[in-house]
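In what follows, a structure is listed as structure tokens, so that the remarks can point back to it.
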Amino acid sequence: MFEFAWPWMGFLVLLPLLVRALAPALREGGRLGALRFPHLDLLRMAFKTQATADRKPNLLFATLLWLAWIGLVGAVMQPQIVDQMAEVTTEGYDIMLAVDLSGSMAALDFSNGDDQVNRLDVAKQAVGQFVKDRKDDRIGLVLFGANAYMYAPLTQDTESVGKMLDTAAVNMAGDSTAIGDALGLAVKALRDRPEKSRLIVLLTDGGDNASTLPPLQAAQLAKEYGIRIYTIGIGSSGPVPIPDENGNIVRGQFPVDEDLLKAIADKTDGGFYRATDAEALKDVYAQIDKLEKSTVDKRQYLIRTPLYRYPLGAALALLAILSLLPLLPGRRLHAA
């Protein structure tokens, strides 16, 4: 839709006519000064001009000057094209991802072809693909170990969330596991969002051993706000290889507290998933992706495309032509 941002500036088109109408009255009243030159006749002869009273207005000059003025006024009026889209209903989720960075996430019980990879790297791949597929959702990221941190607030820039997750490292938040604190942060971020669209996806390979807020109490808070929690226990059972502080590979056992993760999910009408290999972890996120969506946002987009450069460019071109016309042979131009 075409419109002017400042349509009232169109009255400036009449300004030259107003000045022309008032000029004679001002001259007669003696309110306009006159050029005082003692040898005006000699000046006229030097430029071979006729007396002012004998001049005849040049129609081309007057027309170009008038069009240039109209172009300048048109630019000041700020013409623009406004694309006003209808209300857009976005269906999706507000999802907080809580990812464990404790020391046990360095365990090498996953494989990528012939190479052993740790739990966090596999989690990054699966979670990153899940985030990439969330076109209409808001995604936030909580990272936790001994402490929990809001690493990325809820945003529709899911690509940035995926990149931020890639920068995470084992032990970045401490060696222990604070599941309850991570859930508490996630609940705080989601509690004011629309109902029936709020989810927490918790990924961990152990049990809670560092929280100040008990995990089940955090789950109760989530239930009160209508937030569902889906828990994922990652890693194999039994002894698994893991690098020690000197870089040597040793074997350790890091049992997943399945009872706790199931209790958290059941309390919030969510779900518990066990992922013992990379494909199973991808399947878990694929199942979550198929859950029923609800309306999240309604928006109205207004896109303005300014067009002032076109009348401004036309006016400048006309002024350039006017400046060149007197240089043509036999041309003596006077405005009407």
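Laboratory data are not the source of any read-out in this text; all were calculated from the coordinates shown. Remember, predicted model here, so these are calculated numbers, not experimental data. Methodologically, a virtual Cβ is constructed for each residue, glycine included, from the backbone with ideal geometry; neighbour enumeration extends over all protein chains shown.
Points worth noting:
- Fewest-first sequence of Thr158, Thr276, Thr177 by Cβ atoms within 10 Å of each Cβ: Thr276, Thr158, Thr177
- The packing ranking, built from the mean of other Cβ atoms within 10 Å per residue, places the peptides 111-117, 239-245 in the order 239-245, 111-117, highest first.
- Alpha-carbon centroid distance for the pair region 128-147 / region 194-216, whole angstrom: 14 Å
- Computed from backbone phi with θ = phi - 60° and the Karplus coefficients 6.51, -1.76 and 1.60, the 3J(HN,Hα) list for region 217-230 is 5, 5, 5, 5, 4, 4, 4, 5, 8, x, 9, 8, 10, 10 Hz; x is used for glycine and proline.
- Rounded if a/c under 1.5, otherwise prolate or oblate - region 90-236, Cα gyration tensor axes: oblate
- Packing-based ranking of 250-258, 305-313 yields 250-258, 305-313, ordered from highest to lowest mean Cβ neighbour count within 10 Å.
- Under 5 Å between amide hydrogens, built in the peptide plane, is the criterion, and for Gly207 it picks out Asp257 among residues at least 5 positions away or on other chains.
- About its Cα centre, region 72-226 has a charge dipole of approximately 380 debye under the convention of +1 per Lys or Arg Cβ and -1 per Asp or Glu Cβ, with nothing else charged.
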